[in-house]
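Let me begin by presenting the structure, written as structure tokens, before commenting on it.
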Amino acid sequence: MHRRSLKPFALSPLALSPLASSPLASSLLAFSLLATSSCDRVLHSPDPAPGVPLALAEHRARVISDLRYAVTFDIPAAKDSSVTGEVTARFALSDASEPLVLDFRAPADHVLDVQLNGAPVAYRVVPDHIVIPAAALSRGEQAVSLKFRSSDAALNRNDEFLYALFVPDRASTAFPVFEQPDLKARFTVTLRIPAAWKAVSNGRLSSRDSSDAARHVVGFAESEPISTYLMAFAAGVFQEERAVRNGRAFTMYHRETDAAKVRRNVPAIFDLHAAALAWLEDYTGIPYPFGKFDFVAVPAFQFGGMEHPGAIWYRADALFLDETASRNQELGRASLIAHETAHMWFGDLVTMRWFNDVWMKEVFANFMAAKIVGPSFPDIDLRLRFFQAHHPTAYGIDRTLGANPIRQPLENLREAGSLYGGIIYQKAPIVMQQLETLVGEPTFRQGLQAYLARFQFANATWPDLIDILDALSDDDLAAWSRVWVEEPGRPTMAARVQDSALVLTQRDTWPRRALRWPQLTTVALGVGDSVVLVRAQLRGDSARARLPDGAATPTFVLGGVDGVSYGRFVLDSGSRAALLSRVHGLRDATQRAVAWQTLYEEMLDGALAPAALLDAALVGIREDSNEFVNTQVLGLARGIYWRFLSAADRRARAPEMERVLWEALERAAAPGRKGTYFGALVSVTLTEESTRRLERIWRKEETPRGLPLSEQQYTNLAEALAIRTVPNTAAILDEQEARITNPDRKARFRFIRPALSADHAERARLFETFKAVENRRRESWVLDAVGLMNHPLRADEALPELRASLALVAEIQRTGDIFFPLRWMNAVLDGHQSVAAAEEVARAIEYLPRDLPRLRGKMLQAGDGLFRAARVVHQWDRQVP
Ligand SMILES: [Zn+2]
């Protein structure tokens with residue numbers, strides 16, 4: 001599974017606002033400590049608790065083996081008619097002294113029939129489970145057959161298609177199953193579908209019975225042993241693209257109506273898959289383990305992708321790129337495809353025993369993807385990309401009081417969704433890179449090969465891998481792991497020159513803890529016009545490194561310029577001032593990227609005025625010729641503009657911001673670059689003059705030279721004009737709706753349209769509908785609408801809905817997909833900067849139920865940006881003459 005990437009520099013500074021001294025701040029602190037420690041223990045009771053408690057999973061893993069499912073789903077064309085089905089689970093039972101518990105997260109009346117070994121059997125339906133009493137059981141081969149009606153929670157039903165998405169614990173919302181990653185099973189799937197529909201699942205398509213002209217029965221061959229969260233099927237009106245690469249056949253299913261777009265992208269999509277497969281077979285020494293290889297491009301998919309063996313789901317617009325796609329988007333696509341393909345080995349072949357180690361499959365998928373795409377993008381600075389793709393997002397969480405460790409305890413599978421986030425996706429690959437550096441690439445590879453070979457088609461834990469690597473390395477990797485993997489947060493470091501030596505120190509800002517993070521780091525010293533690099537190995541409180549001649553009085557000292565080392569490098573005032581003016585002159589792009597991130601952290605901590613950093617960023621946009629650094633600075637400028645300037649300051653600076661972006665657009669050569677600047681211009685426009693220009697562009701009375709706009713870019717334009725309540729907004733939106741050709745994109749536009757209304761009451765009415773789960777099913781559409789309702793230009797009007805938006809989060813966690821709770825909070829909060837809004841968040845955190853420590857952590861993470869913005873704007877506003 002690949003998280004849709006957050007823009008670098010997503011806003012999330014420290015939680016110190018004007019509220020800092022209030023009792024609320026101390027309780028915030030208390031809560032964050034809670035976030036990492038409170039786990040409820042599952043006590044054995046007659047009926048297992050809802051969800052899948054760890055104790056139940058451990059018991060089942062002990063007594064059930066050789067598991068196979070034959071499951072049939074009857075899927076009607078009408079999305080409001082129920083899906084029904086039947087399943088037979090065959091397995092060996094080694095102990096019949098306890099009741100047999102299957103998981104089924106649907107109302108009791110969805111259980112239609114239960115048979116054991118071909119005969120009716122007594123059973124009880126309790127929340128989330130079907131229980132067959134021990135009295136009915138015997139040791140040996142068992143076959144449990146059930147007829148059921150599915151809930152739609154994980155079936156993503158649309159008018160013309162549906163797709164199952166069961167990660168992490170949602171197979172049991174569709175059919176009765178033993179829902180845990182370490183009870184792997186072979187699945188034989190059969191689907192009854194409308195005759196016009198196509199279908200795909202993990203196993204090879206083995207039969208299609210069309211004797212009934214209206215409804216066909218499609219059969220799939222038995223799969224390899226896989227975990228329940230990896231079982232998948234999709235059916236609907238899809239187009240099909242086939243290809244053969246290196247002797248392997250591939251099939252892609254999609255719903256893209258733009259034929260030119262399909263023609264332009266399909267060959268590259270197949271090439272990238274074939275290249276990733278070949279690389280992984282070579283690196284692991286294990287051939288692709290799952291037979292056929294199909295994938296589906298799903299419109300508005302919740303994630304970037306999901307790694308079901310034989311049936312990968314992708315977000316369609318991540319595969320089908322626009323003509324003006326930037327190099328960054330091409331790299332993003334290649335990384336996504338490499339990520340999902342790497343999962344075939346890391347996650348699918350060898351799976352975590354329990355979801356507390358879900359991070360392992362994600363870190364290796366990201367880690368391998370970074371290695372795989374390199375050769376395909378020789379023109380790209382991978383060190384730079386690694387830093388930009390990981391550190392800003394990881395810091396965005398690790399600097400907050402809601403930070404979580406990479407490896408988190410998990411007592412019940414139903415909370416598995418809350419484990420996911422930037423620490424797993426962005427921090428863990430950094431830590432893994434450090435581990436590879438520590439033990440050496442050959443040893444690391446050797447260890448992974450041994451790990452995959454030993455646990456193939458089975459399950460493993462992180463300590464299992466550390467044991468294998470520890471046996472191959474001299475370092476104490478278990479101790480290393482305790483600091484980097486089992487603890488949240490990051491070191492705070494400072495570097496200074498003393499007696500012709502560089503002294504690097506570290507400390508722990510986390511309350512009542514004194515960790516020391518072992519790591520190798522590189523520090524840059526500004527010496528005259530050049531930069532001197534010094535490497536230092538930190539283990540304890542400090543490290544000293546000899547300075548080369550002539551470097552005793554540097555103009556600046558900047559830590560972490562290797563793009564891998566991790567922590568908050570605090571600048572002294574001299575270095576801060578020097579870097580603000582000299583960052584553009586640093587020849588190494590990674591050094592510039594690290595410098596911008598470090599300056600941003602200084603601003604977040606109140607040590608640097610937002611306006612001063614914005615001024616420097618505008619110079620960077622004008623001068624930095626590196627596409628990736630330029631994009632980073634662009635993101636930084638947009639973030640400061642909307643969140644860290646007061647409204648008055650923003651209005652004053654808008655003309656210059658617009659002028660710099662328009663000039664950059666005109667100067668850029670590649671349509672992709674022009675598109676990036678145009679997107680930024682559309683987002684920041686405030687002046688009358690620029691708003692009128694955008695309207696002329698939307699009316700096609702003017703076109704930016706060398707930038708043909710796509711349907712999506714015109715839609716973004718129309719939305720931006722509506723937010724700015726230009727005259728005739730309704731007419732503009734009507735026409736934009738008519739312009740949209742793709743049925744899925746048109747449906748999205750109709751859905752979000754009330755959020756664009758100038759009438760707050762109409763927006764509030766749409767928000768009210770989101771209180772019902774059935775109106776939140778199209779999560780990415782809901783997020784777009786909520787983001788528009790809380791746009792910075794409408795943030796004050798949205799305040800009345802803020803409390804209700806936050807009060808919904810606990811229910812959203814129970815009902816929505818993995819990333820939805822945090823994305824919902826970000827969509828609600830990212831447009832706000834006021835003290836009033838910050839107080840609403842602090843209040844919501846106070847009132848969150850105590851048994852949701854991880855959700856509390858997420859709210860602390862999502863609120864961090866707002867807390868800092870409220871403080872920083874307040875702090876510097878008082879200083880503006
Ligand atoms: Zn993944």
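Each residue in the range 207-219 was checked for being closer than 20 Å to Gly310 by Cβ and open to solvent by 70 Å² or more (accessible area, probe 1.4 Å), and 1 of them qualify. Could you please find all residues in the range 810-855 being modelled with pLDDT under 95, in contact with a Pro (Cβ under 9 Å, 6 or more places away or on another chain) and within 17 Å of Thr400 (Cα to Cα)? Across the range 810-855, the qualifying residue is only Leu855.
Exactly one residue out of Gly374, Gly332 is in a helix (DSSP H, G or I), surrounded by fewer than 23 Cβ atoms within 10 Å (Cβ to Cβ) and more than 18 Å from the chain's Cα centre (by Cα): that is Gly374.
The rows are residues; the columns are (1) under 24 Å from Phe166 (Cα atoms); (2) under 23 Å from the mean Cα position of the chain (by Cα); (3) in a helix (DSSP H, G or I).
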position	(1), (2), (3)
Ala810	yes, yes, yes
Ala838	no, no, yes
Arg854	yes, yes, yes
Gly865	no, yes, yes
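So, in the range 770-802, of the ones that are under 22 Å from Ser418 (Cβ atoms) and of a type in the set (D, E, K, R), which residue ends up nearest to the chain's Cα centre (by Cα)? Step by step, filter the range 770-802, then rank; the result is Glu779. For the range 420-435, filtered to residues that are more than 14 Å from the ligand (Cβ to nearest atom) and open to solvent by 10 Å² or more (accessible area, probe 1.4 Å), the residue that is nearest to the chain's Cα centre (by Cα) is Gln433.
If you check Val557, Val527, Val523, Val570 for being surrounded by 13 or more Cβ atoms within 10 Å (Cβ to Cβ) and either touching a Phe, Trp or Tyr at 6+ places or on another chain (Cβ under 8 Å) or more than 25 Å from Leu604 (Cα to Cα) (or both), only one passes: Val527.
Within the range 264-278, the presence of a residue that is basic (Lys, Arg), touching a strand residue (DSSP E or B) at 6+ places or on another chain (Cβ under 9 Å) and without any contact (Cβ under 8 Å) to a residue 60 or more places away in the chain is excluded.
Taking the stated definitions as given, is Asp258 under 26 Å from Pro168 (Cα atoms), more than 16 Å from the ligand (Cβ to nearest atom), in contact (Cβ under 8 Å) with a residue 60 or more places away in the chain and acidic (Asp, Glu)? The answer is no for Asp258. State the number of residues belonging to the range 82-123 that are surrounded by fewer than 14 Cβ atoms within 10 Å (Cβ to Cβ) and basic (Lys, Arg). Qualifying residue count for the region: 0. Restricting Phe569, Phe628 to residues that are in a helix (DSSP H, G or I), touching a helix residue (DSSP H, G or I) at 6+ places or on another chain (Cβ under 7 Å) and not aliphatic (A, V, I, L, M) narrows the list to Phe628. Being hydrophobic (A, V, I, L, M, F, W, C) and part of a helix (DSSP H, G or I) is the filter; apply it to the range 477-499 and report the residue that is farthest from Pro548 (Cα to Cα). Going through the qualifying residues, I end up with Ala478.
Specify which of the listed residues (Gly417, Gly402, Gly396) is farther than 15 Å from Phe355 by Cβ and either in a helix (DSSP H, G or I) or within 16 Å of the ligand (Cβ to nearest atom) (or both). Within the list Gly417, Gly402, Gly396, the selection yields Gly396. Among residues belonging to the range 284-308 that are of a type in the set (Gly, Ala, Ser) and either outside any loop (DSSP other than H, G, I, E, B) or open to solvent by 20 Å² or more (accessible area, probe 1.4 Å) (or both), point out the one that is modelled with the lowest pLDDT. The extreme case among them is Ala300. Which is under 15 Å from the mean Cα position of the chain (by Cα), within 16 Å of the ligand (Cβ to nearest atom) and buried (at least 24 other Cβ atoms within 10 Å of the Cβ), of Ala365, Ala311, Ala342? Answer to the check: Ala365.
Checked against the criterion of being at pLDDT 95 or above, under 26 Å from the mean Cα position of the chain (by Cα), of a type outside the set (Gly, Ala, Ser) and open to solvent by 10 Å² or more (accessible area, probe 1.4 Å), the candidates Arg643, Arg638 yield just one match: Arg638. Only a single item in (1) over 29 Å from Leu93 (Cα atoms); (2) among the hydrophobic types (A, V, I, L, M, F, W, C); (3) in contact with an Asp or Glu (Cβ under 9 Å, 6 or more places away or on another chain) is not met by Phe175, and it is number (1). Residue pairs whose Cβ atoms lie under 7 Å apart, sitting 6 or more positions apart in sequence or on different chains, and linking a residue in the range 331-350 that is among the aromatic types (Phe, Trp, Tyr) to a partner that is away from the ligand (no atom under 11 Å from the Cβ), are Trp345/Leu280; Trp345/Thr284; Trp345/Ile286; Trp345/Leu452. Among residues of the range 354-372 that are over 17 Å from Phe387 (Cα atoms) and of a type outside the set (Val, Ile, Thr), those with a Cβ under 7 angstrom from a residue that is open to solvent by 10 Å² or more (accessible area, probe 1.4 Å) and part of a helix (DSSP H, G or I), sequence gap 6+ or separate chain, pair up as Trp354/Leu54. Answer yes or no as to whether Ile286 is in contact (Cβ under 8 Å) with a residue 24 or more places away in the chain, within 16 Å of the ligand (Cβ to nearest atom) and out of contact with any Lys or Arg (no Cβ under 8 Å at 6 or more places or on another chain). The answer is no for Ile286.
Regarding the range 289-299, can at least one residue be identified that is within 15 Å of the ligand (Cβ to nearest atom) and within 15 Å of Leu452 (Cβ to Cβ)? No, because not a single residue in the range 289-299 is within 15 Å of the ligand (Cβ to nearest atom) and within 15 Å of Leu452 (Cβ to Cβ). Looking at Arg765, Arg778, just one residue is open to solvent by 50 Å² or more (accessible area, probe 1.4 Å), touching a helix residue (DSSP H, G or I) at 6+ places or on another chain (Cβ under 8 Å) and in contact (Cβ under 8 Å) with a residue 12 or more places away in the chain, and that residue is Arg778.
The set of residues in the range 449-476 being open to solvent by less than 60 Å² (accessible area, probe 1.4 Å) and not in a helix (DSSP H, G or I) consists of Ala458, Asn459, Ala460, Thr461, Ser473, Asp475. Applying the criterion of being more than 18 Å from Arg445 (Cα to Cα) and in a loop (DSSP other than H, G, I, E, B) to the residues of the range 345-362, the residue that is nearest to the ligand (Cβ to nearest atom) is Asp348.
Selection of the range 314-323 for residues being open to solvent by less than 20 Å² (accessible area, probe 1.4 Å) and either out of contact with any His (no Cβ under 9 Å at 6 or more places or on another chain) or within 13 Å of the ligand (Cβ to nearest atom) (or both) yields Tyr314, Leu321. Would you check if Leu788 is under 20 Å from Gln302 (Cα atoms) and either part of a loop (DSSP other than H, G, I, E, B) or not aromatic (Phe, Trp, Tyr) (or both)? Yes: the conditions hold for Leu788.
Against the criterion of being surrounded by 13 or more Cβ atoms within 10 Å (Cβ to Cβ) and touching a residue at least 40 places away in the same chain (Cβ under 8 Å), Thr685 does not qualify.
The values are calculated or read from the model by the stated rules, or taken from the named source; none is laboratory data. Please read all numbers here as calculations on a predicted model, not as lab measurements. Note that each Cβ is placed from the backbone with ideal geometry, even for glycine, and that neighbours are counted across all protein chains shown. Accessible surface areas use protein heavy atoms only, side chains included; no ligands, DNA or RNA. Shrake-Rupley method; radii C 1.70, N 1.55, O 1.52, S 1.80 Å.
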